[in-house]
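Here is the structure we will look at.
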Amino acid sequence: MRRLKLYQLFVSIPIILILLAGCSGKATSTFIVVPPTTVVPEPSATPDIKANRGAPGIGDSLYPNFGNGGYDVQHYTLDLTVNNVATSDLDGITTIKARATQNLGSFNLDFIGFEITNIIVNGQPADFRRSGQELTITPSTALSENESFTVEVQYQGSPVKRSSAALPIQTGWVTFEGGSFVLSEPDGAASFYPVNDHPLDKASYTFRVIVPEPFEVAANGVLTETIDNGITTTFLFEAREPMASYLATVNIDEFDLETSQAENGIPIRNYYSTGLPEDIHKPFERQDEMLVYFSDIFGPYPFEVYGALVMDTDFGAALETQTMSIFGMDMIDTNHMEDTQQVIAHELAHQWFGDSVSLADWRDIWLNESFATYAQGLWIEHTEGREALDEWIKRLYAFVLENREHMSPPGEPPADELFNPGVYYWGALGLHALRLEVSDEVFLQILKTYHEEYKGSNATTADFINVAEEVSGKELSAFFDSWLYSKDLAPIPALGLEAK
Ligand code: TRP
Ligand code: ZN
């Protein structure tokens, strides 16, 4: 418990839950760091071109079965009619617009639970079979390479509870007393819609959700229509910018809505579950300012709208769901304003690093978490000055040293503890070390260039290193090796920091 307090004081809260899990006997003893060379890609990840079968995995090095191969999705339309909010019993139709990247006699989607009542491909009924989360669809007419096609999957039932392969919590659609919410990183999306579930295949989304009165819906993007049907209400949201599947979120409750506009013109809408304490919105008062500051240093905010959603339930985490980050009520502590603002800054920074620039492989998760964590330090520097940042870095360094056994080197997360604190704090220290290596100005130019080059798309660790080397004119491979893959925490001599 002491460790938790210490942790809470110094650094953002999002990962408390994971750190705690790391402290429990079982998780600690099974904490294994898998060196990249030992991972043999599963044959399933290679497209079976001869048989014209789409692959059941997209080729992720940590999770060979995540996503699918053989096609590329452009757009998802989720039509969800929620009959009963208490059980999340629903009728769903997911319509997918995609393009075949090879000839396809059959292809896979990821989908968990529900009864599938019908699947239609290009207007014709299609055959399908299910095995685990793999849904294999055989269209009545095979698809040819480059062909655009439409898949409509009709289903009904309640989402099944599902714990993640990557961290010890339930991901996906969660029903709680009073409503439901969706947190899917990395593998929960398939719990409520059929999907090519990997950030490599980003797409735009339409959400059409019908809920009984008086419930309301908050989803990604812009609310374009609200239709009063009498005893139910239809909410229509458009998320027009490409989005990774794990960032799709549909939340049902009653909400108080707070709208504003940041100084750079970005509209903000914050949703607070009705009935939360009055002062719940207080820590968000500087969110507009954060948005302007991060837009200045990282490059223009990449989406058309932003905001936060605070759910009236405890889930010990916050998630950077695109255009609308989600916070469990237990993430908001109005007695510790600055700590809470750290979490708010963290999720906002993810909109650039994680959401706009997405991973190509889950092993590179430090590209999301270390960047969002370092952004907390940048916010501290912006509001309290460089000395405060240096102090924060020193405490972080001590924290990483003290908790080394619960962390993997940032570039080598184990598959079953993807979000271990190494990919947050150790990696954030590495970014600070990079800054000291190349100068403040060059460092910020690296971040800006990296976002500019990969916004709306995907990047790898090698891509980031290339940008860093090009912008700085320095050879940095030894530097990144020591910060991403070494078992020992590298020193930061300028701050007198070294592992003893
Ligand atoms: N990305 C989250 C963060 O900002 C952490 C996280 C990963 C998470 N998977 C999750 C949070 C699932 C909630 C649910 O640190
Ligand atoms: Zn994060």
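Report, to the nearest 10°, how far helix 287-298 tilts away from the longest principal axis of the Cα atoms in the chain, using its own Cα long axis and a range of 0 to 90°. Helix 287-298 sits at roughly 80 degrees to that axis.
Calculated accessible area for the range 273-376 comes out at 24 Å² per residue, all protein chains present (probe 1.4 Å; ligands, DNA, RNA ignored).
Assuming a viscosity of 1.567 mPa s and a temperature of 4 °C, what translational diffusion coefficient in µm² per second does Stokes-Einstein assign to the chain, Rh being the Kirkwood radius over Cα pairs? Using the Kirkwood radius from Cα pairs, D works out to 56 µm²/s. Of the solvent-accessible surface of the range 220-273, computed with a 1.4 Å probe and all protein chains present, 51% belongs to carbon and sulfur.
Taking label points 7 Å from Cα along the Cα-to-Cβ direction, Lys282 and Thr95 give a separation of 4.7 nm.
I'd like the chymotrypsin sites (Phe, Trp or Tyr not before Pro) in the range 151-217 restricted to DSSP loop residues with at most 11 other Cβ atoms within 10 Å, sorted by number. Passing both the DSSP loop test and the Cβ count: no residue. Sites listed here are chymotrypsin sites (Phe, Trp or Tyr not before Pro) in the range 253-344 whose DSSP assignment is loop and whose Cβ has at most 10 other Cβ atoms within 10 Å, and the list is empty.
Separation of the range 195-239 and the range 252-319, taken as the distance between their Cα centroids, equals 18 angstrom.
Quick one: grab the alpha carbon gyration tensor of the range 349-402, order the square roots of its eigenvalues as a ≥ b ≥ c, and give me rounded if a/c is under 1.5, else prolate or oblate depending on whether a/b is larger than b/c. It is oblate, given that a/c is not under 1.5 and a/b is not larger than b/c. Between Glu498 and Ile492, the built amide H atoms are under 5 Å apart, and every one of these is 5 or more places off in sequence or on another chain. Here the convex hull built on the C-alpha positions of the range 233-300 has a volume of 136 cubic angstrom per residue.
If you bin the C-alpha pair distances of the range 333-473 every 5 Å from 0, what whole percents do you get? Going from the shortest bin to the longest, the percentages are 2, 10, 18, 24, 22, 16, 7, 1, 0, 0. Working note: Karplus 6.51/-1.76/1.60 with θ = phi - 60° gives the range 310-318 the couplings 10, 8, 7, 7, 9, 10, x, 7, 9 Hz, where Gly and Pro are set to x. Here the mean projected area of the convex hull built on the C-alpha positions of the range 151-251 is 7.1 nm². Each principal axis of the Cα cloud of the range 98-219 was evaluated for its coordinate range; sorted largest first, these ranges are 46, 35, 25 Å. Summing charges over all other residues whose Cβ lies under 13 Å from the Cβ of Val73, with Lys and Arg as +1 and Asp and Glu as -1, gives -1. When restricted to Cα atoms, the range 62-147 yields an Rg and a Dmax of 14.1, 44 Å, respectively.
Loop-resident chymotrypsin sites (Phe, Trp or Tyr not before Pro) (DSSP state other than H, G, I, E or B) in the range 111-154 with no more than 13 further Cβ atoms inside 10 Å of their Cβ are absent.
The values are calculated or read from the model by the stated rules, or taken from the named source; none is laboratory data. Here the structure is a predicted model, which means the values were calculated and not measured. Virtual Cβ from ideal backbone geometry, glycine too; neighbours counted across all protein chains shown. Only protein heavy atoms, including side chains, enter the accessible area calculation; ligands, DNA and RNA are left aside. Shrake-Rupley method; radii C 1.70, N 1.55, O 1.52, S 1.80 Å.
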